[in-house]
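The values are calculated or read from the model by the stated rules, or taken from the named source; none is laboratory data. None of these values were measured; they are calculated from a predicted model. Here the Cβ is made from the backbone with ideal geometry for all residues, glycine too, and neighbour counts use every protein chain on show.
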Amino acid sequence: MPHDHQAKAASHANLSGSLVCKNTALQPAEPLHKRAPGRDESGKPYGDFMMIIPGLRAKPAHLIEQTISELNLALSQFGHAVVFADLNLKINLLWITVRPSRDIGLAIASAVRLHVPEAKLVAANFKYV
């Protein structure tokens, strides 16, 4: 089977700081707007942005795992700022939620691109991130 590795790889990988948790049940995850936090404890809104990693889901499982490790390396540099990260393999989308601070979104996106060069920034409002 050409895509047998996809059945073995989880459709979502949750990245929080440097910890990768996989949805091994292969069940649909809660919608992102229900899982990604929008505000901190004091009600201040978080910033977020997304990156696409073209062709990731079509790669063999060991290359997907390697990419997840590289994403972990990139995000672990910003453990103080990354609140939530989700890699949706079905649509090759990395969602990152951060504590707003000057230029943090651009710094994180640059670190992700350094570790995973094929990653492309899709949407961001860096005025607040």
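Out of (1) at pLDDT 90 or above; (2) in contact with a Ser or Thr (Cβ under 8 Å, 6 or more places away or on another chain), what's the single condition that is false for LYS90? Answer for LYS90: the failing condition is (1). The residue that is surrounded by the fewest Cβ atoms within 10 Å (Cβ to Cβ), counting only those in region 74-87 that are within 17 Å of ARG113 (Cα to Cα) and of a type outside the set (Gly, Ala, Ser), is GLN77. The residues in region 98-120 that are surrounded by 15 or more Cβ atoms within 10 Å (Cβ to Cβ) and either under 12 Å from ASN72 (Cα atoms) or over 14 Å from the mean Cα position of the chain (by Cα) (or both) can be counted, and the count is 9.
Here LEU71 passes the criteria (1) surrounded by fewer than 17 Cβ atoms within 10 Å (Cβ to Cβ); (2) at pLDDT 90 or above except the one numbered (1).
Taking the criterion of being farther than 17 Å from ALA74 by Cα and either surrounded by 12 or more Cβ atoms within 10 Å (Cβ to Cβ) or modelled with pLDDT of 50 or more (or both), the residues of region 9-26 that qualify are ALA9, ALA10, SER11, HIS12, LYS22, ASN23, LEU26. Taking the criterion of being among the aliphatic types (A, V, I, L, M), surrounded by fewer than 18 Cβ atoms within 10 Å (Cβ to Cβ) and touching a helix residue (DSSP H, G or I) at 6+ places or on another chain (Cβ under 7 Å), the only residue of region 30-68 that qualifies is ALA61.
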